[in-house]
């Protein structure tokens, strides 16, 4: 299966909690490498709750940044 076909199927399984955890872990890794600002190119926003979860994770991390989706 090709990448985009697989991602199209897998992305429907993500819950807002999954998105929150993904952002939280990514930002923890960034901070551990000295990064203090980040842009979240949110490519799997399936509902307002998904967006809220990612924004909450960013705010709680203390990392400055931007939340972008489309």
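The values are calculated or read from the model by the stated rules, or taken from the named source; none is laboratory data. Because the structure is predicted, anything quoted here is derived from the model rather than measured. A quick note on method: Cβ atoms are made from the backbone with ideal geometry, for glycine too, and the neighbour counts reach across all protein chains shown.
Below are the figures for this structure:
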| read-out | value |
| --- | --- |
| Failed item, numbered, when residue 62 is tested on (1) more than 13 Å from residue 18 (Cβ to Cβ); (2) modelled with pLDDT of 95 or more | (2) |
| Candidate set: region 22-40, residues that are over 21 Å from residue 70 (Cβ atoms) and in contact (Cβ under 8 Å) with a residue 12 or more places away in the chain; chosen: the one nearest to the chain's Cα centre (by Cα) | 24 |
| Meets criteria (under 20 Å from residue 9 (Cα atoms) and out of contact with any strand residue (DSSP E or B) (no Cβ under 9 Å at 6 or more places or on another chain)) for residue 21 | yes |
| Residue in region 41-50 that is surrounded by 12 or more Cβ atoms within 10 Å (Cβ to Cβ), out of contact with any helix residue (DSSP H, G or I) (no Cβ under 7 Å at 6 or more places or on another chain) and either without any contact (Cβ under 8 Å) to a residue 12 or more places away in the chain or in a helix (DSSP H, G or I) (or both) present | no |
